[in-house]
1. Taking only the Cα atoms of the range 250-318, how large is their convex hull per residue, in Å³?
2. With equal scatterers on the alpha carbons only and no solvent term, can you work out the Debye log10 of I(q)/I(0) for the range 239-372 at 0.13, 0.15, 0.16, 0.17 1/Å?
3. Give me the extension gain from residue 208 to residue 251: residue separation times 0.36 nm, minus the current Cα-Cα distance, reported in nm with one decimal.
4. Using θ = phi - 60° and the Karplus relation 6.51 cos²θ - 1.76 cosθ + 1.60, list the HN-Hα couplings for the range 283-294 in order, rounded to whole Hz, with x at every Gly or Pro.
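A short reminder: the numbers here are calculations on the coordinates, not readings from a lab. Remember, predicted model here, so these are calculated numbers, not experimental data.
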Amino acid sequence: MYASCLKLATIIVISGAVAMAQSAGKTPSPTVSGTTDAAKTPAKKPVDGHLTRVAAVTAAEEASAIFLGLKCDNPGNIYIPTGWEGGWAVHKLNSKGERVAVFDPTSNPELKVDFSASLAVEPDGGDLYQLVFPSVIDRYVYAYKSDGSFKSAIKLKPGFVFMPTRIVLFPSGQFLVAGSEYGSDSKTNPRPSWPFAGIFAADGTMLKELELGDEKEMHDMAASGDPRVIIRGQRGSNKAVGNTFIEIGGDGNAYLMRWTNPALFYAVSAGGEVERRFAVDPGDDGYRPDGMHIYKNRIAVWFEKRETHDKIMKIVDLEGREIATYDELKVNGKPKDYLGAAFACYSENPTRFTFLGSEDGEKLQLLIAEPQ
C-alpha cells in the first residue's frame with residue numbers, strides 16, 4: 001500500500017526526545033531527555049477511537065506535491081506547495097479537489113526566486129503570504145490576493161543574516177517568523193545554527209526577537225552532531241528546529257511546535273510574549289510528530305513511529321490538556337485504510353481529518369477520516 005506513494009515528497013524527521021521540567025509556581029522550560037529506557041517511557045494510554053476513512057476525493061493534481069507547510073482555511077480549502085521552476089507555487093484546492101487558485105512566486109518580475117518555503121493564509125481564505133528566497137542574501141515574504149494574483153513583496157529586516165523556515169500571520173497583521181540565524185561558530189559550522197523566532201511588522205521590520213527557552217539546548221545538540229536532531233553529514237541542520245510548525249489558535253496566539261518527543265509547544269502573543277509552554281506526549285519514545293493543525297481551541301498532533309509506521313492522533317486544548325487519542329483502524333495487524341502521506345486539515349462538528357495521498361501513484365487524493 002505504501003509503495004503506491006513513492007512519488008509523494010514526504011518529510012523525514014530526525015528529532016530528539018524532550019521532556020518538560022516541572023517546577024511549582026514557575027513556567028516549565030524544556031530539557032533534553034535522551035533516555036530510551038523502557039521503564040522511563042510513560043505507559044501507553046488507551047485510545048478513544050480508531051480513525052477510518054470515510055471518503056476519498058481525487059484531485060485535479062499530479063501526485064508530486066511537496067507536503068511541507070500544508071495549510072487549511074476555515075472554509076476547508078487546502079493550500080499545497082508544488083514543484084515549480086523558480087520556487088514552489090502553491091495550489092489552492094477546494095473540498096472537491098478542484099484547483100481554484102495558483103500562487104506563483106515567479107509572478108513578481110522584479111526578483112528572481114531560487115526557492116520558497118512556508119506559507120500563511122488568512123483564516124477566511126483571504127490573502128496568502130509565502131516565504132521566498134531570491135538570488136540575493138535578503139529574505140522576503142510575498143503577499144498574494146485570494147485569487148492568486150501577486151500583491152506585494154515584503155523584505156524581512158531582522159538586522160542579521162538568517163534562514164526563515166516558518167511564518168504565521170496574526171489577526172493584527174504582524175508576522176511570527178521562525179527559523180535559524182548564523183551563530184558565532186559559523187566559521188567552523190557554516191550552516192544556520194541558532195534557533196530563531198521573531199515578531200515582524202507588516203512592512204517586514206523586526207519588532208522583537210523571542211526567547212523561547214530552548215535555543216541553546218537545540219543549538220548545542222546540532223553542533224555536537226547529535227543524531228536525534230540532525231541528518232548524518234549535515235551538522236548544524238537541526239531538524240527539530242527546521243521542521244517547526246506554527247498555527248494561530250482561536251485565542252489569537254500563535255502556537256509554535258518543535259519536532260521533538262514529546263512535541264514542545266510555545267503559545268506566543270502578537271506582542272511577542274510567550275504566554276505558556278506545554279508538551280504533547282505520545283506516550284512512546286518511538287513516535288515523532290508528523291504534523292499539527294489547529295481548529296479554534298483544539299490542537300491535533302499527528303504522530304508516527306518510524307520503525308513500525310504506527311500512527312496516532314492526539315487532540316489537546318490550547319493549554320495542552322488531553323482531550324482524545326485516536327489510532328489507525330487495523331485488521332489483522334495492518335491498517336484497514338491508507339490514510340495518506342501527510343496531515344492536511346482538521347475540523348470539528350463532526351471530528352474530521354483530511355490527509356493527502358495517492359493510491360495509484362498518479363493523481364493526488366484528499367483522504368478524509370473520522371474516528372469511530
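1. 71 Å³
2. -0.55, -0.73, -0.82, -0.92
3. Numbers: separation 43, 0.36 × 43 = 15.48 nm, distance 2.06 nm.
Going from the current span to full extension adds 13.4 nm.
4. In residue order, the calculated couplings are x, 7, 4, x, 8, 9, x, 10, x, 8, 9, 10 Hz.
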